[in-house]
Amino acid sequence: MAEKREREFGKHYLVEFTGCDPGKMKFVDDVREALLESARVSGATILGSHFHQFEPHGVTGMVFIAESHFSIHTWPEDGYAAFDILTCGVMDPERAIGSLSKSLEAGKVEIRVFSRGFDA
């Protein structure tokens with residue numbers, strides 16, 4: 001877990017999903033729904049989102065939340081997705097990670113957490 005900063009503004013979760021079902025991460029509609037659902041189950045306040053479809057497949061996207069943001073980038077050909085959550089509010093990042101892991105049918109999940117802020 002992240003080391004506590006003297007002036008902490010939030011936590012930044014960097015998540016690696018490997019061994020994912022490529023079919024779950026090829027197209028915008030599937031990834032958008034999975035990411036929005038992860039935000040909903042975490043208790044985040046969704047403000048908006050933007051997603052992009054790569055050709056022939058793969059997705060990048062962001063969900064803007066009052067607490068900061070969620071982002072994802074997928075490499076279906078490798079069964080890999082990079083996901084991050086920056087949160088400076090009350091929400092449950094672990095629930096979001098669990099939800100997205102389930103949606104992508106991830107074989108392995110690695111999580112690194114960083115404290116965002118500074119030492120005075």
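Residues that are loosely packed, with under 15 Cβ neighbours inside 10 Å: which strands (runs of 3 or more DSSP E) entirely in segment 54-120 hold 2 or more of them? Reasoning before the result, please.
Details: elements: 59-65, 68-75, 80-87, 108-118.
Output list reads 108-118.
Considering each of Thr45, Thr60 in turn, give the residue that is polar (S, T, N, Q) and closer than 20 Å to Thr18 by Cα.
After applying the criteria, what remains is Thr60.
Tell me whether segment 1-8 contains one or more residues that are surrounded by fewer than 19 Cβ atoms within 10 Å (Cβ to Cβ), assigned to a strand (DSSP E or B) and touching a His at 6+ places or on another chain (Cβ under 7 Å).
So far as segment 1-8 goes, no, none of its residues is surrounded by fewer than 19 Cβ atoms within 10 Å (Cβ to Cβ), assigned to a strand (DSSP E or B) and touching a His at 6+ places or on another chain (Cβ under 7 Å).
Kindly evaluate Phe27 against the criterion of being modelled with pLDDT of 95 or more and surrounded by fewer than 16 Cβ atoms within 10 Å (Cβ to Cβ).
no
Take Ser49 and decide whether it is touching a residue at least 40 places away in the same chain (Cβ under 8 Å) and among the polar types (S, T, N, Q). Steps first, answer last, please.
Details: touching a residue at least 40 places away in the same chain (Cβ under 8 Å): no; among the polar types (S, T, N, Q): yes.
Taking the combined requirement at face value, the residue does not satisfy it.
Go through segment 11-24 and give me each residue that's in a strand (DSSP E or B), of a type outside the set (Lys, Arg) and crowded, with 18+ Cβ neighbours inside 10 Å. Please lay out each step first, then the result.
Start the filter on segment 11-24 by keeping residues that are in a strand (DSSP E or B), which leaves 11-18.
If we keep only those that are of a type outside the set (Lys, Arg) too, we end up with 12-18.
Scanning segment 11-24 gives His12, Tyr13, Val15, Phe17.
Conditions (1) in contact with a Ser or Thr (Cβ under 7 Å, 6 or more places away or on another chain); (2) more than 20 Å from Glu110 (Cα to Cα); (3) not aromatic (Phe, Trp, Tyr), marked per residue:
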site: Gly19; (1), (2), (3): no, no, yes
site: Ala34; (1), (2), (3): yes, no, yes
site: Ala39; (1), (2), (3): no, no, yes
site: Ala44; (1), (2), (3): no, yes, yes
site: Gly48; (1), (2), (3): no, yes, yes
site: Glu55; (1), (2), (3): no, yes, yes
site: Val63; (1), (2), (3): yes, yes, yes
site: Glu77; (1), (2), (3): no, no, yes
site: Ala96; (1), (2), (3): yes, no, yes
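Which condition breaks for Arg32 when tested against (1) surrounded by fewer than 16 Cβ atoms within 10 Å (Cβ to Cβ); (2) in contact with a strand residue (DSSP E or B) (Cβ under 9 Å, 6 or more places away or on another chain); (3) part of a helix (DSSP H, G or I)?
Of everything listed in (1) surrounded by fewer than 16 Cβ atoms within 10 Å (Cβ to Cβ); (2) in contact with a strand residue (DSSP E or B) (Cβ under 9 Å, 6 or more places away or on another chain); (3) part of a helix (DSSP H, G or I), Arg32 misses just condition (1).
The values are calculated or read from the model by the stated rules, or taken from the named source; none is laboratory data. Keep in mind that this is a model prediction, so the values were computed, not measured. So basically every Cβ, Gly included, is an ideal-geometry build from the backbone, and we count neighbours across all protein chains shown.
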